[in-house]
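Colleague: Handing you a structure now.
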Amino acid sequence: MTLLSKTDQEAVTAAINEVERHTDAELVTVLTAQSDNYSYIPLLWAGILALLVPGIANYFGSWFGADVLLLVQWGVFIVLSLLFKMPSINTRLIPRQVRYWRASNLARRQFLEQSLHHTEGGTGMLIFVSEAERYVEILVDQGIADVLDNQVWEDIVADFTAKVHQGQTRQGFLDCIEACGKLLKEHVPATHERNELPNHLVILP
């Protein structure tokens, strides 16, 4: 994980401050190391393999007794349960659809928890990143969606996602905020000075 340092966070805050000088949009950035602990996934895989191993062992060595096979099954389950909890292995066991669903779900929860749906004129924008899932999403309220189609964010999200893959989350945030700022300045220009939501990067524990 490459959760950002204090200096990196200050750079993100400065980028948001600069963008919000030229737009009525309210930007909130959220970063999390992982969207879920997926504790059930290692246990599920360990359980499946623990059920298979005794049968395979008995097939190739039918001299094993039931008590030995039971001990083998328990041992396999315990060892694999611990092994599969290692972050480098854990994320490889989780289907992409599950990872993306959990990250997307958390992004939507954060949109509500950060009060982005209560801004004046419905101009809230969330830039959400989950590092373990390598997931990036931009969510906007109705005031922005009315003037900018969701497809305009696709290239920005794709570029940011690539940077997260490369461990360049800080630069990804800065480039994303700048790219969004250009679109917002044109389509949601500043009409009056306001700052309804905090501009600092929100890092979830």
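The values are calculated or read from the model by the stated rules, or taken from the named source; none is laboratory data. These figures come from a predicted structure and were not determined experimentally. Neighbour counts are summed over all protein chains in view; Cβ atoms, including those assigned to glycine, are modelled from backbone coordinates with ideal geometry. Please note that ligands, DNA and RNA were not included when accessible areas were found on the heavy atoms of the full protein model with its side chains. Shrake-Rupley method; radii C 1.70, N 1.55, O 1.52, S 1.80 Å.
Colleague: Going by what's in this entry, would residue 111 be described as in the same structural domain as residue 179 (by the TED database), open to solvent by less than 60 Å² (accessible area, probe 1.4 Å), touching a His at 6+ places or on another chain (Cβ under 7 Å) and of a type outside the set (S, T, N, Q)?
Modeller: Here the answer is yes, as residue 111 does meet what is asked.
Colleague: Taking into account only those residues within the stretch 152-180 that are β-branched (Val, Ile, Thr) and over 10 Å from residue 136 (Cα atoms), which is surrounded by the most Cβ atoms within 10 Å (Cβ to Cβ)?
Modeller: 177
Colleague: Further question on the same structure: What residue, among those in the stretch 34-68 that are under 27 Å from residue 136 (Cα atoms) and open to solvent by 30 Å² or more (accessible area, probe 1.4 Å), is modelled with the highest pLDDT?
Modeller: Among those that are under 27 Å from residue 136 (Cα atoms) and open to solvent by 30 Å² or more (accessible area, probe 1.4 Å), it is 34.
Colleague: I want to confirm something. Restricting to the stretch 181-205 and keeping residues that are outside any loop (DSSP other than H, G, I, E, B) and closer than 15 Å to residue 143 by Cα, which single residue is least open to solvent (accessible area, probe 1.4 Å)?
Modeller: 184
Colleague: Using beta carbons and a limit of 9 Å, which pairs, at least six apart or on different chains, have the first residue in the stretch 67-78 and assigned by the TED database to the domain that holds residue 46 and basic (Lys, Arg) and the second one modelled with pLDDT of 80 or more and open to solvent by less than 80 Å² (accessible area, probe 1.4 Å)?
Modeller: Pairs found: none.
Colleague: Looking at this structure, is residue 19 touching a Leu at 6+ places or on another chain (Cβ under 9 Å), β-branched (Val, Ile, Thr) and in a helix (DSSP H, G or I)? Reasoning before the result, please.
Modeller: Values: touching a Leu at 6+ places or on another chain (Cβ under 9 Å): yes; β-branched (Val, Ile, Thr): yes; in a helix (DSSP H, G or I): yes.
Yes; evaluated as a whole, the condition is true for this residue.
Colleague: Identify all residues within the stretch 69-93 that are open to solvent by less than 50 Å² (accessible area, probe 1.4 Å) and either in contact with a Ser or Thr (Cβ under 9 Å, 6 or more places away or on another chain) or within 21 Å of residue 204 (Cα to Cα) (or both); write none if there are none.
Modeller: 90, 91
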